[in-house]
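The values are calculated or read from the model by the stated rules, or taken from the named source; none is laboratory data. The shown structure was predicted, so the numbers you read here are calculated from the model rather than taken from an experiment. Reconstructed Cβ throughout: ideal geometry from the backbone, glycine too, with neighbour counts over all protein chains shown. Note: accessible area is taken over every heavy atom of the protein model, side chains too, but ligands, DNA and RNA are not part of it. Shrake-Rupley method; radii C 1.70, N 1.55, O 1.52, S 1.80 Å.
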Amino acid sequence: MKIDVLADPFAPQPGHLPHIVIVGGGASGVLLAAHLLRDPRTPLRVTVIEGRHMLGCGVAYSTTDPRHLLNTRVANMSAFPDDPDHFRRWLAGRGVAATGECFVSRATYGAYMTDLLAPLSADGRLRCLRATCIRLTSLRAGVAAHLDDGQVIPASAAVLATGHALPEPDPDGLVHGAWQSAPPPPAGGRVVIVGSGLSMVDQAISLLESGHRGEIVAISRRALLPRIHGPATPLPVSRAEVPLGAPVSFILSWLRELAARSEAQGGTWRDAVDGVRPHLAALWRAMPVPDRARFLRHAAPWWEVHRHRLPPESAAPINLALRTGRMRQLAGSFIGANREGAVLHALWRPRGTARTLSLVTSRIIDCRGIRRDPEIHATPLVADLLTSGRARIDPLRLGLDVAPDCALIDASGRPNPRIRAIGPASRAAFWEITAIPDIRQQAQGLADELTRLHVPG
Ligand SMILES: Cc1cc2nc3c(=O)[nH]c(=O)nc-3n(C[C@H](O)[C@H](O)[C@H](O)COP(=O)(O)OP(=O)(O)OC[C@H]3O[C@@H](n4cnc5c(N)ncnc54)[C@H](O)[C@@H]3O)c2cc1C
């Protein structure tokens, strides 16, 4: 298919500026664009392609419920690692008196992300397209992004900032998705929430604070709740101390020792978890695949509740509801849903038993979070990358296989530097790359790399 590069001023050709296409305009895509174009002298063009949400919002920051708070303090949510006060200044500029210690609403953060690109569109180097990219093909000196509206965008390189593999809506309509808009459930009816992580907390808070009177039941394998944020000072941990390549059991006991050391110094386990954070990607990369699998099977749920914590303001209504019986947690597995006439049943198996029990309910909400099989839940673009051999799934089925420099690895195992992945789309390679403090660092590094590669001089 002939690609009309002449028609497109953004097309990479002699006399034109190098051009980067970013597929996905959620937080990861916006952070990368902001880092690529931060220096107004950088002779580079960027196109951000976003199919569904407001720019910068994606799944996480599209919520309109002001009670859905960030799970990270203001001081750690700046878009720029070298300017940690950037978000707080933006808030102050909008009359929001927040210190770095505060947890503000995710909707507010979405507005910050949307705002981040505004100044960059002024000089014509940035273009944002509302469309869905359905295919990426190779060109002699670049790649072409094929959009669902028929446009073909040639570029020097493309970056997948496509975020989380989200589950398709339940075809029977019996189970609601966590991020699927729906009318409120019957006020007095029991609501069953599958999962007990941060998304469950979102749903429960919206129900509790909107006057829902019916019982809320959260079903999850271990009935773990995210731990609560508290004062924390990252424990200084040098890279030399980190047991890279050690078996996962050794790494976990090392982590426990760090927590004990921190408590002995008057701190808490939070200091230890925050202290190892800068080393997580290196720990994951050095971990042999069987150990990664062991970590995912046995330790990941514990790690998640200590790493992804709850703001105290979000924990308070949940703990009160648990104490007063408005809410309860069940340890077990959700088997499925069925409807008998007007009665909706949530079927579940208590932990350690083979029995299947039923809970009569008026609403079932799936809050099992973002870890989904990337092939089963593949978007048309990801499906095309896989069937064309331009990508492959990583051995643990966490996502697309990605090299340490974020290059996509094709079916024959060759990294393609013209197609990169960032944020949760690169999770298989780095594990802890879902939160802003990690994604902004990655965005800065990848922006430097792409600029070095594509901007002459
Ligand atoms: C509910 C929730 C709350 C969270 N809260 C926090 C928090 O408080 N603090 C924190 O640091 N992290 C939080 N996170 C982690 C979050 O992953 C990251 O902060 C960040 O939002 C990830 O952004 P992303 O752009 O990679 O992914 P997404 O938000 O998933 O955005 C990807 C975007 O790509 C678009 N897209 C995908 N495929 C295509 C295509 N083919 N063509 C065009 N567009 C496409 C989608 O429409 C979407 O808008 C939260 C995550 C979730 C799910």
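Suppose we filter the range 68-80 for residues that are over 20 Å from residue 270 (Cβ atoms) and within 13 Å of the ligand (Cβ to nearest atom); how many remain? Spell out the reasoning first.
Looking only at the range 68-80, we keep the residues that are over 20 Å from residue 270 (Cβ atoms), and these are 68, 78-80.
Now narrow it down to the ones that are within 13 Å of the ligand (Cβ to nearest atom): 68, 78-79.
Counting residues in the range 68-80 that are over 20 Å from residue 270 (Cβ atoms) and within 13 Å of the ligand (Cβ to nearest atom) gives 3.
Return the pairs, sorted by first residue and then second, in which the second residue is among the acidic types (Asp, Glu), the first residue lies in the range 56-80 and is under 14 Å from residue 311 (Cβ atoms), the beta carbons are less than 6 Å apart, and the residues are 6+ apart or on different chains.
67/209; 68/202; 73/101
Does the range 422-444 include one or more residues that are in contact (Cβ under 8 Å) with a residue 24 or more places away in the chain, within 16 Å of the ligand (Cβ to nearest atom), under 24 Å from residue 139 (Cα atoms) and assigned to a loop (DSSP other than H, G, I, E, B)?
Step one: filter the range 422-444 for residues in contact (Cβ under 8 Å) with a residue 24 or more places away in the chain, giving 422-444.
Still in the running and within 16 Å of the ligand (Cβ to nearest atom): 422-444.
Among the residues that remain, those that are also under 24 Å from residue 139 (Cα atoms) are: 422, 425-426.
Among the residues that remain, those that are also assigned to a loop (DSSP other than H, G, I, E, B) are: 422.
Yes - at least one qualifying residue is present in the range 422-444.
Yes or no: the range 209-216 includes at least one residue that is within 16 Å of the ligand (Cβ to nearest atom) and modelled with pLDDT of 95 or more. Working first, answer last.
Here is the first cut: in the range 209-216, the ones within 16 Å of the ligand (Cβ to nearest atom) are none.
No, that holds for no residue.
Can you tell me which residues in the range 109-148 are open to solvent by 40 Å² or more (accessible area, probe 1.4 Å) and not hydrophobic (A, V, I, L, M, F, W, C)?
First pass over the range 109-148, keeping only residues open to solvent by 40 Å² or more (accessible area, probe 1.4 Å): 111, 114-115, 118-119, 121-123, 127-128, 130, 132, 134-135, 138-141, 148.
Scanning the range 109-148 gives 114, 115, 119, 121, 123, 127, 130, 132, 135, 138, 140, 148.
Specify which of the listed residues (419, 376) is closer than 30 Å to residue 32 by Cβ and open to solvent by less than 50 Å² (accessible area, probe 1.4 Å).
Numbers: 376 fails: open to solvent by less than 50 Å² (accessible area, probe 1.4 Å).
The unique qualifying residue is 419.
Take the residues of the range 149-187 that are near the ligand (Cβ under 9 Å from one of its atoms) and either in contact with a Cys (Cβ under 9 Å, 6 or more places away or on another chain) or assigned to a strand (DSSP E or B) (or both): which is most open to solvent (accessible area, probe 1.4 Å)?
162
Please list, ordered by first then second residue, the pairs with beta carbon atoms under 6 Å, 6 or more apart or interchain, first in the range 178-191 and over 18 Å from residue 369 (Cβ atoms), second of a type in the set (Val, Ile, Thr).
185/191; 190/361
Cβ-Cβ under 8 Å, sequence separation 6+ or interchain: first residue in the range 165-176 and touching a residue at least 12 places away in the same chain (Cβ under 8 Å), partner among the hydroxyl-bearing types (Ser, Thr, Tyr) and open to solvent by 40 Å² or more (accessible area, probe 1.4 Å). Which pairs?
Listed by first residue and then by second, the contacts come to 165/379.
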